[in-house]
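Visitor: Have a look at this one.
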Amino acid sequence: AQSVTQLDSQVPVFEEAPVELRCNYSSSVSVYLFWYVQYPNQGLQLLLKYLSGSTLVKGINGFEAEFNKSQTSFHLRKPSVHISDTAEYFCAVTGRSYNTDKLIFGTGTRLQVFP
Amino acid sequence: DTAVSQTPKYLVTQMGNDKSIKCEQNLGHDTMYWYKQDSKKFLKIMFSYNNKELIINETVPNRFSPKSPDKAHLNLHINSLELGDSAVYFCASREGRETQYFGPGTRLLVL
């Protein structure tokens, strides 16, 4: 079974500042990792994903994340945030084996960008 | 254009009523899902269907019954609605082995 921990429920930051949203996971099998963003009253949009290969993955809107197997982490970063990045961010994991195809989500991190 | 669509977007109803939410995907994916997002934004899987066959049923009450008439559609019927069913329900479909794409959500409010 897998689980995901998002350590920060809220992250306030000023516009143009860098931000890191933390995500740790646990799993008994190899995993695929994802970050989704949910803007207010909207659905979930895929930001980026790690499937294999390079541990640094780049996504949409200038976000990137680094897979660290030894620390079982997949932290999301952006060097300079905009007001429009204000949203809820969800880290998610799914196992690579055939019978574990459901996404397990973290509890979300609310990113609030201030002018 | 819409990849995964859901109707209705908003649903307000009385306790005890029966309601359905529809989901359609035009991505050609074989696997579709229903997730529930509660008032604290926590997302949890409810059901998964692969090519019209039920794959995952995550201890959801029997009042919830998914139906997949074909692999592009996965509907959710809820009988005898309760206050605790108020939530946002998301449909998703899966590309390949791992990537899921979500619909816009259906916001259900039970009064």
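Visitor: Against the globular-protein guess of 2.2 N^0.38 Å, express the Cα radius of gyration of the stretch B:23-87 as a ratio, rounded to two decimals.
Guide: For the stretch B:23-87, the normalised Cα radius of gyration is 1.13.
Visitor: Using the count of nearby Cβ atoms within 10 Å as a rough guide to exposure, how do A:S84, A:S26 rank from fewest to most?
Guide: Ranked by crowding around the Cβ, least crowded first: A:S84, A:S26.
Visitor: Related question: Taking the Cα centre of the stretch B:4-110 as the origin, how large is its charge dipole in debye, to the nearest 20, when only Lys and Arg (+1) and Asp and Glu (-1) carry charge on their Cβ atoms?
Guide: In total the dipole reaches around 200 debye.
Visitor: Just give me a number: lysine pairs in the stretch B:4-110, eight or more positions apart or cross-chain, with C-alpha atoms less than 20 Å apart.
Guide: 19
Visitor: Would you work out the relative contact order for chain B, in percent, from Cα pairs under 8 angstrom that are 6 or more residues apart?
Guide: 36 percent.
Visitor: When the Debye formula is applied to the Cα atoms of the stretch B:1-60, each taken as the same point scatterer, what base-10 log of I(q)/I(0) results at q = 0.21, 0.28 Å⁻¹?
Guide: -1.10, -1.28
Visitor: In chain A, what is the count of Lys pairs whose alpha carbons are under 18 Å apart, counting only pairs at least 8 residues apart or on separate chains?
Guide: Within chain A, the lysine pair count is 6.
Visitor: I've got another one for you. At q = 0.13, 0.26 Å⁻¹, what log₁₀ I(q)/I(0) does a Debye calculation on the Cα points of the stretch A:60-105 give, no solvent, two decimals?
Guide: With no solvent term, the Cα-only Debye profile gives -0.42, -1.07.
Visitor: Given charges of +1 on the Cβ of Lys and Arg and -1 on the Cβ of Asp and Glu, with all other atoms neutral, how large is the dipole of the stretch B:21-63 about its Cα centre, in debye to the nearest 20?
Guide: Its charge dipole is roughly 280 debye.
Visitor: Relative to the compact-globule scaling 2.2 N^0.38 Å, provide the ratio for the alpha-carbon radius of gyration of the protein assembly as shown.
Guide: 1.02
Visitor: Treating only the Cβ atoms of Lys and Arg (+1) and Asp and Glu (-1) as charged, compute the dipole magnitude of the protein assembly as shown about its Cα centre; round to the nearest 20 debye.
Guide: 300
Visitor: Post the alpha-carbon centroid distance, the stretch B:57-111 to the stretch A:1-48, in whole angstrom.
Guide: 22
Visitor: For A:L48, list long-range residues whose amide hydrogen, built 1.01 Å from N in the peptide plane, is under 5 Å from its own amide hydrogen.
Guide: Amide H to amide H, under 5 Å and 5 or more residues apart or across chains, A:L48 pairs with A:W35.
Visitor: Would you mind telling me the antiparallel percentage of the DSSP bridges in the protein assembly as shown, rounded to 5?
Guide: Here the share of antiparallel DSSP bridges comes out near 90 percent.
Visitor: Using only alpha carbons, build the gyration tensor for chain A and give me the equivalent ellipsoid semi-axes, biggest first, whole Å.
Guide: Whole-Å semi-axes of the equivalent ellipsoid: 24, 14, 12.
Visitor: Provide the convex hull volume over Cα atoms per residue for chain B, in Å³.
Guide: Taking the convex hull of the Cα positions in chain B, it is 94 Å³ per residue.
Throughout, read-outs are computed from the coordinates displayed, never taken from laboratory work. Keep in mind that what you see is a predicted model, and the values were worked out from it rather than measured. Glycine also receives a Cβ, built like all others from the backbone with ideal geometry; neighbour counts cover every protein chain displayed.
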